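Student: This is the structure, below, for whatever I ask next.
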Amino acid sequence: MTREAVVAAEGHEHVSAEHASTLEVTGDDFLTPAGDCILGIEADTVPADLDAAFVDACRDAEATVTATLEAGGHTVTVEGSGHPDLTFESDRSHVLRTSDYVDDRTVMVDADAAAGDVDRDLVAALADGADLEFTLTVDPA
C-alpha cells in the first residue's frame, strides 16, 4: 500500500542547491550560504512527526521512496530506496542521500539526484522565496 507524507516549507535567498550527494528540507528557520544542500526551510513536518506506518514502509530495503518538490510552477522528482536502518527520529531535517549512509535525518538512500541536480528554475524560485511542497511517497516492494 502506497503511503504519502506532504511537507510545506519555504524557499530562502540563500538556496543554492549545489551539493553533489544530498538534498535537504529543514524545519530550521534560517539558512546560511554554507547550506548548499538545503532547498527549503521552516518545514511544518519533520521526520519525527511522520506516522509509524509510513516509517515502517520506508524501512523495507526493497521499497521505492519518491520525493516530489514543487515550487514556483516547477516540479522535480527524486527516486531512491528505503533502508532497514532508517529511524525518522530527527526533529530538524529530511535528508535524501545518493549514498547508503543512514542517520536520524535520512529519509531516502540511493537517491537518483541530489541538490546539485535539481532543475535550476525550481532553485531560482526557491531563492526568490517561493513556497515549497515536499511530498514523500513510499511504495513497498
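The values are calculated or read from the model by the stated rules, or taken from the named source; none is laboratory data. From a predicted model like this one, the values you see are computed outputs, not experimental measurements. Please note: Cβ atoms are built from the backbone with ideal geometry, for glycine as well, and neighbour counts cover all protein chains shown.
Student: Filter segment 13-40 down to residues that are buried (at least 18 other Cβ atoms within 10 Å of the Cβ) and hydroxyl-bearing (Ser, Thr, Tyr) and give me whichever is farthest from HIS94 (Cα to Cα).
Tutor: Among those that are buried (at least 18 other Cβ atoms within 10 Å of the Cβ) and hydroxyl-bearing (Ser, Thr, Tyr), it is SER16.
Student: A further question on this structure: So PHE30 ticks every box in (1) in contact (Cβ under 8 Å) with a residue 24 or more places away in the chain; (2) closer than 16 Å to ALA8 by Cα but one. Which box is left unticked?
Tutor: It is condition (1) that PHE30 fails.
Student: For GLU24, which of the numbered conditions (1) part of a loop (DSSP other than H, G, I, E, B); (2) closer than 21 Å to ASP103 by Cβ; (3) of a type in the set (Asp, Glu); (4) touching a strand residue (DSSP E or B) at 6+ places or on another chain (Cβ under 7 Å) fails to hold?
Tutor: The single condition GLU24 does not satisfy is (1).
Student: Among the residues of segment 60-107, what is the count of those that are touching a residue at least 60 places away in the same chain (Cβ under 8 Å) and not small (Gly, Ala, Ser)?
Tutor: Looking only at that region, the number is 17.
Student: Of all residues in segment 98-132, which are of a type in the set (S, T, N, Q), buried (at least 18 other Cβ atoms within 10 Å of the Cβ) and assigned to a loop (DSSP other than H, G, I, E, B)?
Tutor: The answer is THR98, and nothing else.
Student: Can you tell me which residue among LEU50, LEU126 is closer than 20 Å to ALA17 by Cβ and at pLDDT 95 or above?
Tutor: LEU126
Student: Moving on. May I ask you to say which residue of ALA57, ALA43, ALA67 is within 18 Å of ASP121 (Cβ to Cβ) and surrounded by 14 or more Cβ atoms within 10 Å (Cβ to Cβ)?
Tutor: Answer to the check: ALA67.
Student: Continuing with this model, one more query. Report the residue count in segment 1-29 for those that are within 15 Å of VAL118 (Cα to Cα) and either within 11 Å of the chain's Cα centre (by Cα) or of a type in the set (D, E, K, R) (or both).
Tutor: Going through segment 1-29 one residue at a time, the tally reaches 5.
Student: Here's another thing I want to ask about it. From the list THR66, THR32, which residue is more than 14 Å from the chain's Cα centre (by Cα) and at pLDDT 95 or above?
Tutor: THR32
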